[in-house]
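Student: Structure incoming, see below.
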Amino acid sequence: MILSILLLSTLGYSPSDSVASPARSIDEVVVVSARAEGAQRSPKGITASIDEHLSVFRNVNLVRRGAYAWEPVVNNMATERVSTTIDGMKIFYACTDKMDPVTSYVESANLQSISLNSGLNGNPQSTGNIGGSVDLKLRKAGFGNGFNAGASKGFETNGNVQVYEADAAWSGERFYVNGGLSYRRADNYKEGGGRVVDFSQFRKVNAFSNTGLRLSNGGVLEHTLIYDRASDVGYPALNMDVSKAEAVITSLSYRHTFSDSWLEAWDTKGYYNHITHIMDDTKRPDVEIHMDMPGKSSTAGLYSLLTASTDVHQLQLNYDLYYNRLFADMTMYPGGAAPMYMVTWPDVGTLNTGAALTDVVTLGRGQSLRLSAKVAQQWQKLNDEEGYHALRVFFPGMKDSYYQTTGRVAAQYAWESSKVRLTAGAGWGSRAPTVTEAYGYYLNNTFDQYDYIGNPRLKNESATEVNASVRWQPGGGLTLTADANAFLFSNYIIGQFERRLSAMTVGAEGVKVYGNLSHATIINTSVEADWQLSRSLRWHGRLTWASGRDDENDPLPLISPVAYRTGIDFSAGRWTAQVLVEGNGTQTHFGEKYGETRTDAYTVAGLNGQYHIPLKTSSLTLRAGVENLFDKRYTSYSDWRDIPQKGRNVYASLVWTL
Amino acid sequence: MKKEFVFVLLAFLTLGLVSCNSNDDAKGIVIDGIDLSDDVDCCSAEEALQVYKFLQTVKIVPELSTVVDNKYNVFAYTRTGTFHKGYNDIYFVATKRSSGNYVRNFEIKNVTPLMYMVKMNMSHSTPVSPVFDQFDDSRPALRHGWISFLMNTSDAGYWNLSYDVDVLGTSDKVSNVSIDVNALPEGQDWLKNFKLGDDTYFLSLVNADKFATGTNEISVYVSRKNNPITIPYGLADKTFTIEIDPRMPDMGNHTSPGNTTLTRQDDGSYKGVINLTMTGLWRIHLTVKDADGNVVAGGDDLKDGYSSLYWDVTL
Ligand SMILES: [Cu+2]
């Protein structure tokens, strides 16, 4: 199952060839487009954050630790089991407390679309994608579109959110360049009922540029650059905030297009990115021990993708290689006494290389088959002596280097007639433990109040996936869809109690060491209905249910309860409007064993509208809406430490496009 | 192409041989003031070089130097060139004044530190290693011993040190040289004592200054107070076991796993394993048991639940 969100630019230029070809997209979610009527979208348009765009995906949930940098959870699996790439580039977060999922280092304005492959059927560059793979597709001007420009301004009452964005593109036949600047800021937001949630503010600046050059031989050279910097970011669910989270993401690629051949294109890209993450607890009251906790992550890599197609096959052959360095440490300053220092990520160097093959086979009579496979090898070395020696206290037999092989293979069959579409798929895949899981050192998790220690002896986790879906269009504008997948894990990696160890963090409950559960199961199901009642009126509804069970059949943590969402869309001429109601049922199966608490049911309602004004050579789009209309105080199961969600929020944005 | 390769290979090989040579043989190396050649009174040039190299890692204690019969210099060294409260390693060498060569056969005896307590108008000694003997086989010209100072020099009292030296049959005496014993910085306390019957025992932590994050060997000497107290305190004749419980008092008293009980070794020291999971102040709480397993010191539960007998080590 592949989904993609289109973030249609404020620029008028056409989407570049980086958009997933519709032939491979089973479902497409359009977020920002005045033209794509009837499609699901983030009602805020381009001024929505990446997190808000991601929340449009049916099988994505977001873990909130504050108002900023939400952690995407795909098929009820979080970062460890999800691959996130930017235009195929690997990038790894730099915070030991997961304050900075890599999606936080881009802006909506950087992107053309977000594509999501559910489960093991991942995009060619992804590794470790048991739950799914997200690829953030950069917004390149492409060739031959002339001059374009755009600007937008967004405003939200709750938290005084301000969004400014401006971009421009010059696009000739041989050369293009486009770039933009964004600024986003928020003060503390108010929960339902009006109480202020302290430490929920943030600031973010972002700049990007993309350049393309068509060479005389028809090949295309492209360069991309993103600079992103968040500062003064509050995390109300955590004990610390962030003073700086900074990323530089850059790539240089060469694309050769074949003509008169079954070979289509050959893309080769070299890339580098660097993240610096600095936490800060100096603004918190009653800090027992002040701490410095910086982290850094840098990744250099390349991939080379060959695409080919015949009448029957659509082939992608990919080779990729990356080297990532992850380092984090912690210095604690007890008043007056000697500082205490430890290395929390021991400067782990990971060299990973893999080869992937995907093929979409058209079998005729509405039948098709999507196949994908990947094998990857990984070498890891602990470069920090002090961190290595510290870990050896817990694992005296450990080495300072490790080697793993992982792989995945998946197949999905689809049959489509005029009224019915059926899919069925299966796959198997494995992933290596993350740096936190294998080598993390006394990482305090505020979710369950335990200190976590990595385990270099972990086995690779693997899962078998089965999935099926049915879509029925009986006529009268009605579409009914049912979808289910199940992941049967072996050696599921999760923190396990280690009562022999004593917690380091003051106030922590104890210590957990990552371990393998012999087996675990995660199941996701959804039913959807979409009814185009008339040209201007559409009703849609969705119900999802999921289950996660460990080896003792107890609930896993952070599994969504029953969730629903329904809305009525209205459109007429330049107007569109929407009423939206969404909510969760009570979380009855919560991971009590893993420190999770029950979350109550909630329902919230929202309204939004959009008005499009064509001008002589440009156009204006005005959007406005209300979220949490009845100012309800609520938290969802994925709100870290049950921090409340935003109360009533009125927003408006104006987008100007040349 | 091929020729070039062979040439480069040869060049590297030659270079390798040359560098091997210079490592294997210390002959011909000239070091200021010392002639590193074979000397019947000392050792091979290589052994002399090893001593020389070792002495680069420690510092001379000028007040303890002496000249024996105008023929030999005797020098004392510690890690810093000074003394501090608790355990101090001390090294001695004797050199010929004529050539600067080290002398192999010399003896350091009767090392006697004495602290004069001003108010009480009395003197006491402190734990000292039973002998000052050859440091190791590769350095026969180096003597090693230790002193564990009970107190640092202060208004309350000051230290003098005496020792006897015999170089190739010629004797000399160093008498009552005034030495300064510095206090340790905050968060370092490497010497503790306990009473058992009429005896007082001292627990000197040997290698606290070498502790690092990770797994460390921990080494300790147990000495018994002498009678009279002006004679240096030798090692305890009783055998104990010392259980350790390292905690970080600044961080909720968390501990580390895998620490082992210190037991007596053949050389008279006590050794075990201590795991230190981060830097900062570690309070090593102690439970001392006699040979029958009875707790004789520490192991008591104070308000916070840990033994009142402890060393402090700050990494
Ligand atoms: Cu952080």
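Values quoted throughout were computed directly from the atomic coordinates according to the rules given, and no laboratory measurement underlies them. Predicted, not measured: the structure shown is a model, and the values here were computed from it. Virtual Cβ from ideal backbone geometry, glycine too; neighbours counted across all protein chains shown.
Student: Mind giving me the nanometre distance, one decimal, between the label points for A:Tyr164 and A:Thr268, set 7 Å out from Cα along Cα→Cβ?
Tutor: 4.3
Student: Determine the principal axes of the Cα atoms in segment A:364-434, then give the extent along each, sorted from largest to smallest and rounded to whole angstroms.
Tutor: 64, 18, 17
Student: Related question: Translational diffusion coefficient of segment B:191-314 at 25 °C, 0.890 mPa s, Stokes-Einstein with Kirkwood Rh over Cα pairs, in µm²/s as a whole number.
Tutor: 164
Student: Now a separate question. Compute the projected area of the convex hull of the Cα atoms of segment A:375-524, averaged over all viewing directions, and report it in nm² to one decimal place.
Tutor: Across all orientations, segment A:375-524 yields a mean hull projection of 12.3 nm².
Student: For peptide B:250-260, how many partner chain Cβ atoms fall within 10 Å of a residue's Cβ, on average?
Tutor: Average per residue, whole number: 6.
Student: Viscosity 1.567 mPa s, temperature 4 °C: give me the Stokes-Einstein translational D for segment A:527-633 in µm²/s, with Rh taken as the Kirkwood radius over C-alpha pairs.
Tutor: Here the translational diffusion coefficient equals 78 µm²/s.
Student: Can you list, bin by bin at 5 Å, the percent of alpha carbon pairs in segment B:30-173, starting at 0?
Tutor: Values per bin, smallest distances first: 2, 10, 19, 22, 19, 12, 8, 5, 3, 1, 0.
Student: Now a separate question. Using a 10 Å cut-off around each Cβ of peptide A:376-387, what is the average number of partner chain Cβ atoms that fall inside?
Tutor: 1
Student: Taking N as the number of residues in segment A:434-509, what value does Rg over Cα atoms divided by 2.2 N^0.38 Å take?
Tutor: Relative to the 2.2 N^0.38 Å estimate, segment A:434-509 comes out at 1.83.
Student: Ok, one more. Mind sorting B:Lys59, A:Lys512 by how few other Cβ atoms lie within 10 Å of their own Cβ, fewest first?
Tutor: Ordered by Cβ neighbours within 10 Å, fewest first: B:Lys59, A:Lys512.
Student: Is the shape of segment A:198-353 best called rounded, prolate or oblate, per the rule: a/c under 1.5 gives rounded, else a/b larger than b/c gives prolate, else oblate, with a ≥ b ≥ c the square roots of the Cα gyration tensor eigenvalues?
Tutor: Note, shape of segment A:198-353 comes out prolate.
Student: If you don't mind, there's one more thing I want to ask. Can you order the peptides B:126-136, A:122-132 by their average number of other Cβ atoms within 10 Å per residue, highest first?
Tutor: Top to bottom by mean Cβ count within 10 Å: A:122-132, B:126-136.
Student: Using Stokes-Einstein with the Kirkwood hydrodynamic radius over Cα pairs, what translational diffusion coefficient do you get for chain B at 37 °C and a viscosity of 0.692 mPa s, in µm²/s rounded to a whole number?
Tutor: The estimated diffusion coefficient comes to 149 µm²/s.
Student: Considering the convex hull of the alpha carbon atoms of segment A:204-278, report its projected area averaged over all viewing directions, in nm², one decimal.
Tutor: For segment A:204-278, averaging the hull's shadow over all directions gives 7.0 nm².
Student: Can you give the net charge of the other residues whose Cβ lies under 14 Å from the Cβ of B:Ser175, counting K and R as +1 and D and E as -1?
Tutor: -1
Student: Give the relative contact order (percent, whole number) for chain B; include only Cα pairs under 8 Å separated by 6+ residues.
Tutor: About 13 percent, as a whole number.
Student: What percent of all Cα-Cα pairs in the protein assembly as shown falls in each 10 Å bin, counting up from 0?
Tutor: Spelled out per bin, shortest first, that is 2, 10, 16, 18, 15, 11, 9, 8, 6, 3, 1, 0.
Student: Further question on the same structure: In degrees, nearest 10, range 0 to 90: what is the angle between the Cα axis of helix B:45-55 and the longest Cα principal axis of chain B?
Tutor: 40
Student: Can I ask one more? Could you tell me what percent of the DSSP beta bridges with both partners in the protein assembly as shown are antiparallel, to the nearest 5?
Tutor: 95
Student: Looking at A:Thr464, A:Ala168, A:Ser209, which one has the Cα that reaches farthest to the positive end of the dipole of segment A:2-657 (charges on Cβ: Lys, Arg +1; Asp, Glu -1)?
Tutor: Looking along the dipole axis, the top candidate is A:Ala168.
Student: Express in whole angstrom the spacing between the alpha-carbon centres of segment A:469-520 and segment A:392-422.
Tutor: Each part reduced to its Cα centre gives a spacing of 15 Å.
Student: Projected onto the charge dipole of the protein assembly as shown (+1 at Lys/Arg Cβ, -1 at Asp/Glu Cβ, origin at the Cα centre), which of A:Gln380, A:Ala520, B:Asn182 gives the Cα projection farthest towards the positive end?
Tutor: Going by the Cα projections, it comes out as A:Ala520.
Student: What FRET efficiency comes out for A:Thr405 versus B:Asn70 if R0 is 60 angstrom and r is the Cβ-Cβ distance? Round to the nearest 0.05.
Tutor: The computed FRET efficiency comes out at 0.20.
Student: I'd like the mean, over residues of A:106-115, of how many other protein chain beta carbons sit within 10 Å of each residue's own Cβ.
Tutor: 0
Student: In whole Å, largest first, what are the principal axis extents of the Cα atoms in segment B:235-274?
Tutor: So the extents along the principal axes, rounded to whole Å, are 38, 17, 11.
Student: Could you work out how far helix B:2-24 tilts from the main Cα principal axis of chain B, as a 0 to 90 degree angle to the nearest 10?
Tutor: Computed tilt is about 60 degrees.
Student: Let me ask you something else. Put a dot 7 Å past each Cα toward the Cβ at B:Ile231 and B:Thr170; how far apart are the dots in nm?
Tutor: So the label points at B:Thr170 and B:Ile231 sit 3.2 nm apart.
Student: Run the dipole for the protein assembly as shown about the Cα centre, Lys and Arg Cβ at +1, Asp and Glu Cβ at -1, nothing else charged, and hand back the magnitude in debye, nearest 20.
Tutor: Here the protein assembly as shown has a charge dipole of around 3340 debye.
Student: Springs between alpha-carbon atoms under 10 Å, Gaussian network over chain B: tell me which of B:Gly258, B:Gly272, B:Gly299 tops the mean-square fluctuations.
Tutor: B:Gly258
Student: What list of ³J(HN,Hα) couplings, whole Hz, do you get for segment A:620-628 from phi and the Karplus terms 6.51, -1.76, 1.60, once you set θ to phi - 60° and write x for glycine and proline?
Tutor: Ordered by residue, 3J(HN,Hα) equals 10, 10, 10, 10, 8, x, 10, 9, 6 Hz.
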